[in-house]
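Novice: Could you have a look at this structure, given as structure tokens, before my questions?
The values are calculated or read from the model by the stated rules, or taken from the named source; none is laboratory data. Since the structure is predicted, the reported quantities are computational estimates derived from the model, not experimental observations. Reconstructed Cβ throughout: ideal geometry from the backbone, glycine too, with neighbour counts over all protein chains shown. Note: accessible area is taken over every heavy atom of the protein model, side chains too, but ligands, DNA and RNA are not part of it. Shrake-Rupley method; radii C 1.70, N 1.55, O 1.52, S 1.80 Å.
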Amino acid sequence: MAGAAYEAINLAALHTLPLIFFLENNLYAVSTHVAEQTRETRLSGRGVMLGVPSVECDGMDLVATRRAMQWAREIIRDTGGPVFVEAHCYRFLHQSGPMLGSQFGYRSKEEEASWLARDPLATAPARLKRLGILSSDEVADLDARARSVVEEAEAALTEQAPDSNGTRIVPALWPDLATLDRGMRGDLSELAGERFRDGPGPRVRETRYIDAIAETLLRNMERDTRVVVMGEDVHRLRGGVSGSTRGATERFPRRVLQMPICENGFVGMALGASLCGLRPVVDIMFGDFCIVAADQLFNGIAKFRHMFGGDVETPLVIRARVSPMAGYGSQHSMDPSALFTLYPAWRIISPSTPFDYVGLMNSAMRCNDPCVVIEHQELFQTSGPLPEDDLDYCVPLGKARVAREGAACTVLTYSIMVHRCIEAAEAAGVDAEIIDLRSLDRPSLDWDTIGASIRKTNRVLIAEQTMRGTSHGPMLATEISDRLFDWLDAEIARVTGSESAPVVSKPLNEAAVGDVAKVAAALRRLVPERGDA
């Protein structure tokens with residue numbers, strides 16, 4: 001049993017969910033027997049260990065399996081669930097194809113024969129006849145009807161291959177190859193009726209970034225009863241470890257769900273919740289912990305819509321906190337956003353101001369695609385203007401912002417580095433145009449804004465705080481070269497952190513990230529004449 005299974009059972013038990021975990025124990029992985037994988041081969045013991053009522057049954061016996069399921073239903077009716085049922089069964093053939101496992105040498109023919117004698121397709125009809133429930137003619141009729149259904153399906157899907165005695169799938173039934181990449185993500189038509197703002201307007205209030213996070217989350221919970229919050233320590237400490245859920249627990253205690261330390265488990269729970277009509281907001285305490293949840297984030301959520309032809313929506317939001325300068329060490333400092341760019345289903349948002357946070361988060365909360373919102377801890381105590389009486393506006397996904405106009409070079413950046421780059425341009429005396437990308441997923445990059453700036457300045461610097469190996473720079477540089485190479489008068493410059501992740505040591509921590517000094521030095525190299533171009 002994989003770790004995600006334990007996490008799912010534990011979560012179901014914690015929340016007394018009416019679930020039956022039905023394990024078909026067929027004894028083998030591909031060729032490795034269960035006894036070679038665990039000392040305790042009674043897998044139902046995993047349920048007992050987590051306080052879940054558990055039972056084993058003969059999975060080759062229809063009556064025994066039915067009785068086990070009846071017992072499970074009674075337990076759920078009386079105690080609320082969950083229940084764990086382990087059915088002992090067998091895989092007659094190899095994992096794939098028509099060959100027997102014994103032909104590969106990892107089990108004996110005698111073992112296969114003993115299990116084949118218990119095949120319910122043979123034993124169940126004989127038992128029903130022996131009990132007088134079905135006659136021989138009725139058993140034959142059921143068999144004929146089942147075969148007829150299969151043969152009808154085969155006839156509808158196949159035809160005789162030309163110049164061959166074999167069959168093939170009817171060519172017209174194969175999918176159009178032009179649809180290969182369709183359905184990975186939606187077209188954002190669900191945002192068509194929303195109200196968008198370019199700025200806070202004349203009547204404003206100065207608001208801290210962390211307060212904007214808390215207010216926006218609470219407002220979305222008020223606006224939409226489908227919004228639920230999941231995460232570690234989100235229900236206490238007056239708003240979680242960072243204050244981002246302040247007010248939500250008090251107002252909506254049943255919709256703020258405290259989770260144990262099992263990111264892969266509760267991210268998977270969020271996927272299921274989104275498929276069932278909820279709009280989960282998942283709090284990932286540190287960006288590094290996205291790696292712990294990578295199976296659900298990237299093999300699950302990122303692929304789900306495409307796997308089902310684009311017809312299934314997964315409207316959920318991941319909030320990932322980034323803390324490279326907190327001194328928490330290498331496992332608590334990562335900006336994971338570049339990992340998400342490897343999977344085009346994800347929309348990636350990295351707001352640098354309170355105004356942008358509110359508008360972009362509102363767009364994410366209304367979007368039917370999975371969104372990850374990067375929340376940089378260094379921004380939490382910064383302040384900026386918000387509309388005085390408006391928390392319901394949106395900022396478009398896929399729209400960059402010119403944070404500082406200039407003509408000497410273009411700086412592409414995001415998050416905390418927007419502020420660092422403005423400071424660096426002033427320090428270096430370079431008339432740099434600073435572009436706050438805001439949306440970081442490759443399909444959402446705003447090439448109208450980026451292209452207009454590079455055509456004007458003919459030089460570009462990509463400035464990031466994060467470590468070099470997990471930066472967006474390579475992707476951005478490739479796209480710029482492909483799209484705008486003829487407009488460049490110099491090489492594409494980059495600033496990032498070091499090869500290593502930040503560590504606890506303060507001097508090494510400071511040296512490990514991209515900062516004002518590194519950006520200023522890069523600007524001087526890129527625009528050696530300095531000043532206005």
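Novice: All but one of (1) open to solvent by 10 Å² or more (accessible area, probe 1.4 Å); (2) over 30 Å from residue 328 (Cβ atoms) hold for residue 387; which doesn't?
Specialist: (1)
Novice: Open to solvent by 10 Å² or more (accessible area, probe 1.4 Å) and within 28 Å of the chain's Cα centre (by Cα) - does that describe any residue in the range 512-526?
Specialist: If we filter the range 512-526 for residues that are open to solvent by 10 Å² or more (accessible area, probe 1.4 Å), which is where we start, we get 515-518, 521, 524-525.
Cutting the leftovers down to within 28 Å of the chain's Cα centre (by Cα) gives us none.
No: the range 512-526 contains no residue that is open to solvent by 10 Å² or more (accessible area, probe 1.4 Å) and within 28 Å of the chain's Cα centre (by Cα).
Novice: Among 215, 232, 222, 250, which is the only one that is of a type in the set (D, E, K, R) and under 20 Å from the mean Cα position of the chain (by Cα)?
Specialist: Numbers: 215 fails: under 20 Å from the mean Cα position of the chain (by Cα); 222 fails: under 20 Å from the mean Cα position of the chain (by Cα); 250 fails: under 20 Å from the mean Cα position of the chain (by Cα).
It is 232.
Novice: Something else now. (1) open to solvent by 50 Å² or more (accessible area, probe 1.4 Å); (2) assigned to a helix (DSSP H, G or I); (3) within 30 Å of residue 122 (Cα to Cα); (4) without any contact (Cβ under 8 Å) to a residue 24 or more places away in the chain: which one isn't true of residue 64, the others all being true?
Specialist: (1)
Novice: Here's a check for you: in the range 39-59, which residue that is within 30 Å of the chain's Cα centre (by Cα) and open to solvent by less than 60 Å² (accessible area, probe 1.4 Å) is modelled with the highest pLDDT?
Specialist: The extreme case among them is 52.
Novice: How many of the residues making up the range 107-139 are within 48 Å of the chain's Cα centre (by Cα), among the hydroxyl-bearing types (Ser, Thr, Tyr) and more than 17 Å from residue 94 (Cβ to Cβ)?
Specialist: Summing the residues that are within 48 Å of the chain's Cα centre (by Cα), among the hydroxyl-bearing types (Ser, Thr, Tyr) and more than 17 Å from residue 94 (Cβ to Cβ) in the range 107-139 gives 2.
Novice: Can you tell me which of 523, 461 is in contact with a Lys or Arg (Cβ under 9 Å, 6 or more places away or on another chain), in contact (Cβ under 8 Å) with a residue 24 or more places away in the chain and over 30 Å from residue 328 (Cα atoms)?
Specialist: Working: 461 fails: over 30 Å from residue 328 (Cα atoms).
Testing whether each residue is in contact with a Lys or Arg (Cβ under 9 Å, 6 or more places away or on another chain), in contact (Cβ under 8 Å) with a residue 24 or more places away in the chain and over 30 Å from residue 328 (Cα atoms) leaves just 523.
Novice: Being closer than 30 Å to residue 201 by Cα and open to solvent by less than 10 Å² (accessible area, probe 1.4 Å) is the filter here; which residues of the range 317-356 pass it? Break it down stepwise before answering.
Specialist: As a first pass, look at the range 317-356 and keep what is closer than 30 Å to residue 201 by Cα: 317-322, 347-356.
Correct list: 317, 318, 319, 320, 322, 348, 349, 350, 351, 352, 354, 356.
Novice: Of the conditions (1) open to solvent by 100 Å² or more (accessible area, probe 1.4 Å); (2) touching a Ser or Thr at 6+ places or on another chain (Cβ under 8 Å), residue 151 satisfies every one except a single condition; which number is it?
Specialist: Checking residue 151 against (1) open to solvent by 100 Å² or more (accessible area, probe 1.4 Å); (2) touching a Ser or Thr at 6+ places or on another chain (Cβ under 8 Å), the one that fails is (2).
Novice: Contact list please: Cβ distance under 9 Å, first residue in the range 163-192 and within 21 Å of residue 298 (Cα to Cα), second residue open to solvent by 90 Å² or more (accessible area, probe 1.4 Å) and not in a loop (DSSP other than H, G, I, E, B), pairs at least six apart or on different chains.
Specialist: Listed pairs, sorted by first residue: 183/307.
Novice: Residue 481 fails exactly one of the following numbered conditions: (1) in contact (Cβ under 8 Å) with a residue 24 or more places away in the chain; (2) open to solvent by less than 70 Å² (accessible area, probe 1.4 Å). What is the number of that condition?
Specialist: (1)
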